[in-house]
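Okay, so here's the structure we're looking at.
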Amino acid sequence: MGTAAAPGFDTETLRQAIEGQNAQALLSLYADDAELRVVDRNTQPSHPKVMHGRDQISEMLNDVYSRDMTHKVEQCVVQGDHLAYTESCQYPDGVKVFASSMVELRNGKIVEQTLLQEWDDEGQ
């Protein structure tokens, strides 16, 4: 096996897009037919929120990055066609959000992502 494998995933673009709240840059990492599944206290495992395709994913990303909050990629690991990363976020009032993603890649693009997120209870 040579080193000229499938195109690698661009983790630096991922980090810069998330931390720079750049929805368009982040969207460029998704395949056209990508699927994003979100599990949190509102959309629990039996009924996750599922977005199909870049248009639906774009709506979610634009909503998230229009909010007044900070985002930081904590860990990011790529192995073959799989990517895992964690992200910590914070609203100005101090409420924190923690997200963990498990991702399947195809030709260096995200095709499937499961995002688990948890946030502080109000007033903690």
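Using Cα atoms only, what is the angle between the long axis of helix 53-65 and the major principal axis of the chain, expressed in degrees (0 to 90) to the nearest 10? Its long axis makes an angle of about 40 degrees. Straight Cα distances below 17 angstrom link residue 96 to the lysines 72, with same-chain residues fewer than 8 positions distant left out.
Among residues other than residue 14 whose Cβ falls under 14 Å from its Cβ, what is the net charge (Lys/Arg +1, Asp/Glu -1)?
Values: positive: 15, 72, 109; negative: 10, 12, 19, 74, 87.
Net charge in that neighbourhood comes out at -2.
Three principal axis extents of segment 70-124 based on alpha-carbon atoms, in descending order, are 43, 16, 13 Å. Segment 90-117 and segment 70-84 have Cα centres spaced 9 Å apart.
Once you list every other residue whose beta carbon is under 15 Å from the beta carbon of residue 83, what net charge do they have if Lys and Arg are +1 and Asp and Glu are -1? Don't jump to the answer; show the numbers that get you there.
Working: positive: 15, 37, 106, 109; negative: 10, 12, 35, 74, 81, 87, 104, 112.
Cβ neighbours under 15 Å give a net charge of -4.
Among 15, 67, 54, the largest mean-square fluctuation in a Gaussian network model of the chain, built with springs joining Cα atoms closer than 10 Å, belongs to 67. With distances taken between every two different alpha-carbon atoms, segment 1-102 has a Kirkwood hydrodynamic radius of 14.9 Å. The local environment of residue 33, defined by Cβ-Cβ distances under 13 Å, has a net charge of -2 under the rule Lys, Arg +1 and Asp, Glu -1.
Think of a 1.4 Å ball rolled over the protein heavy atoms: the chain then has 61 Å² of accessible area per residue.
For the chain, what is the calculated [θ] at 222 nm in deg cm²/dmol (nearest 500), taking -39500 (n - 2.57) for each run of four or more DSSP H residues and dividing by its residue count? Write down the numbers at each step before the final one.
Details: 3 runs with 27 residues, N = 124.
Computed mean residue ellipticity for the chain: -6000 deg cm²/dmol.
The values are calculated or read from the model by the stated rules, or taken from the named source; none is laboratory data. Predicted, not measured: the structure shown is a model, and the values here were computed from it. Every residue, glycine among them, receives a Cβ derived from its backbone with ideal geometry; neighbour counts consider all protein chains shown. Each accessible area value is taken on the protein alone, full model and side chains, heavy atoms only, with ligands, DNA and RNA left out. Shrake-Rupley method; radii C 1.70, N 1.55, O 1.52, S 1.80 Å.
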